[in-house]
Amino acid sequence: MVSVMKVIFLGTSGSMPTQSRSSASLVIKRKGEVIMFDCGEGTQRRMVEAHVGFRRSMKIFISHLHGDHLLGLPGLIQTMTLLQREKELEIYGPIGLLDFIKAFSLVLGEPGFPVKIYEIKSHGIVRDEEEYQVIAVEADHMMPSYSYVLEEKPIPGVFYPEKAKELGVPEGPLWGKLQHGHDVTLKDGTKVKASDIVGPSRKGIKIAYSGDTKPTSVFAEASESSDLMIHEATFDNSLKEKADENYHSTAEQAAIIAKKAEVKQLVLTHISSRYPDASQLLIEAKRVFDKTIIAEDLMVLEVDRDGLSVIPVKN
Ligand SMILES: [Zn+2]
Ligand SMILES: [Zn+2]
C-alpha cells in the first residue's frame with residue numbers, strides 16, 4: 001500500500017503565542033495513527049480546528065521540557081479523559097517528563113485511560129514499529145533536548161509468484177522469506193536469490209523535526225535525504241548572537257543544515273513573536289536553500305514517495 005503522511009502544523013510560534021501562531025506542536029497522520037511532536041499550550045484547540053481527533057492511536061514525542069513545548073499536555077489529557085478515550089497514549093521525552101505528568105495528575109486526577117511515559121536518556125531509536133522508526137537525536141539547547149527523525153522502513157519490492165513457481169520454490173514460509181528480501185535454499189540444495197523473484201525495495205518516507213536547538217551537524221547527518229525537514233528558525237540574521245546565546249537557530253542556519261542534509265523540502269517553524277511577518281526569515285533561508293517555506297498554524301503538507309504538496313490553510 002502506498003504510504004502518505006499528512007503533516008499538520010498546530011502551533012508554529014517560538015516561546016509565546018501570537019494572534020496567528022500558537023505554541024509549538026505538529027502532528028503527522030499516518031495510516032490512521034497520529035504521531036505528535038511537541039504539545040505547547042493551545043494544542044488541543046488547534047486539534048479541534050484541524051479535525052485531528054482525540055481517540056485515535058497516538059504517540060507524542062516531546063523535544064524538551066520548556067513550557068512552550070509541553071504545557072498543552074494537561075489539557076489534552078483531560079479532554080481525552082472527558083471523551084472517554086480508552087486507547088493507551090504513549091508519551092516520549094527527556095528525563096523529567098514523568099515528574100511533570102505525575103505533578104499535574106496529582107491535582108487534576110489520574111487520566112481515565114492508560115498513559116505510558118518513556119523517558120529518553122540518550123540518542124538512538126526510541127520507537128521501533130513494524131513499518132517505521134522514530135530516532136531521537138541530541139539537540140543543543142539549554143537543557144536536555146531531542147530532535148526526532150521519523151523514518152519508514154524500506155517497503156519490500158513486488159513479489160512475483162509465477163517466478164517463484166518457475167524456480168521450484170514451494171508456496172509457504174519460503175515465499176515469505178523471499179518477500180522480505182532473504183535468499184532461500186530449497187530441499188534439494190538449490191539456492192534461490194530473493195532478487196530473482198522480488199523487485200527492488202522502495203525507500204520509505206523520512207521526516208525530521210529539530211525541536212529547539214542551535215544548528216548541529218548530528219541533526220544534519222540523521223536527517224540525510226529526508227523528504228521533509230522541519231527546523232526551528234527563531235531569529236533572523238541580525239540576531240545571530242541572540243540565537244547563539246539562547247541556544248536557538250536563525251533561518252539561515254536552518255537552511256545551511258537542510259542543504260547539508262540534502263533534504264527535499266525545508267519548513268521553518270518556532271518563529272519568534274517579534275515577527276508578525278516572517279518574510280525576512282524566508283528570504284534569508286532561501287538564499288541558502290531554495291526549497292524552503294514558512295510554517296503557518298493549520299498548514300497541511302502531504303508527503304508521499306513522489307514528493308510533497310502544500311494544502312493551503314483554510315480560513
Ligand atoms: Zn521553544
Ligand atoms: Zn526551548
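The values are calculated or read from the model by the stated rules, or taken from the named source; none is laboratory data. These numbers come from a predicted model, not from an experiment. All Cβ positions, glycine included, derive from the backbone under ideal geometry; neighbour counts span all protein chains shown.
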Can you find a residue in segment 43-55 that is hydrophobic (A, V, I, L, M, F, W, C), touching an Asp or Glu at 6+ places or on another chain (Cβ under 8 Å) and either within 16 Å of ligand 1 (Cβ to nearest atom) or modelled with pLDDT of 95 or more (or both)?
-> no
Filtering segment 183-200 down to residues that are farther than 14 Å from Tyr160 by Cα, of a type in the set (S, T, N, Q) and not in a loop (DSSP other than H, G, I, E, B) yields Thr185
When every residue in segment 30-42 that is surrounded by fewer than 20 Cβ atoms within 10 Å (Cβ to Cβ) and of a type in the set (D, E, K, R) is compared, the one farthest from ligand 1 (Cβ to nearest atom) is Lys31
Exercise for review: Confirm whether Ala295 is in contact with a helix residue (DSSP H, G or I) (Cβ under 7 Å, 6 or more places away or on another chain), modelled with pLDDT of 95 or more and either at negative phi or among the β-branched types (Val, Ile, Thr) (or both).
Suggested key: no
Flag if Arg287 is out of contact with any Pro (no Cβ under 8 Å at 6 or more places or on another chain) and surrounded by fewer than 14 Cβ atoms within 10 Å (Cβ to Cβ): yes
Of (1) away from ligand 1 (no atom under 16 Å from the Cβ); (2) charged (D, E, K, R); (3) surrounded by fewer than 20 Cβ atoms within 10 Å (Cβ to Cβ), Asp140 satisfies every one except (1)
Please verify whether Glu232 is acidic (Asp, Glu) and away from ligand 2 (no atom under 16 Å from the Cβ), treating the condition exactly as stated. no
Does any residue of segment 61-76 turn out to be within 30 Å of Ile155 (Cβ to Cβ), in contact (Cβ under 8 Å) with a residue 40 or more places away in the chain and surrounded by fewer than 17 Cβ atoms within 10 Å (Cβ to Cβ)? no
Glu86 meets each of (1) surrounded by fewer than 18 Cβ atoms within 10 Å (Cβ to Cβ); (2) within 16 Å of ligand 1 (Cβ to nearest atom) with one exception, condition (2)
Phe219 meets each of (1) more than 20 Å from Val7 (Cα to Cα); (2) surrounded by 15 or more Cβ atoms within 10 Å (Cβ to Cβ); (3) not aliphatic (A, V, I, L, M) with one exception, condition (1)
For Ser15, the lone unmet condition from (1) out of contact with any strand residue (DSSP E or B) (no Cβ under 6 Å at 6 or more places or on another chain); (2) within 13 Å of ligand 2 (Cβ to nearest atom); (3) without any contact (Cβ under 8 Å) to a residue 60 or more places away in the chain is (3)
Scanning segment 217-230 residue by residue, those more than 16 Å from ligand 1 (Cβ to nearest atom) and not acidic (Asp, Glu) turn out to be Ser217, Val218, Ala220, Ala222, Ser223, Ser225, Ser226, Leu228, Met229
Listed by first then second residue, the pairs whose first member lies in segment 257-282 and is more than 16 Å from ligand 1 (Cβ to nearest atom) and at pLDDT 95 or above, whose partner is of a type in the set (Phe, Trp, Tyr) and not in a loop (DSSP other than H, G, I, E, B), with beta carbons under 7 Å and at least 6 positions apart or on separate chains, are Ile257/Phe219
When Glu130 is run through (1) exposed (fewer than 14 other Cβ atoms within 10 Å of the Cβ); (2) closer than 30 Å to Lys214 by Cα; (3) of a type in the set (D, E, K, R), the failure sits at (2)
| Do we find that Val288 is of a type in the set (Val, Ile, Thr), modelled with pLDDT of 95 or more and more than 23 Å from the chain's Cα centre (by Cα) in this structure? | yes
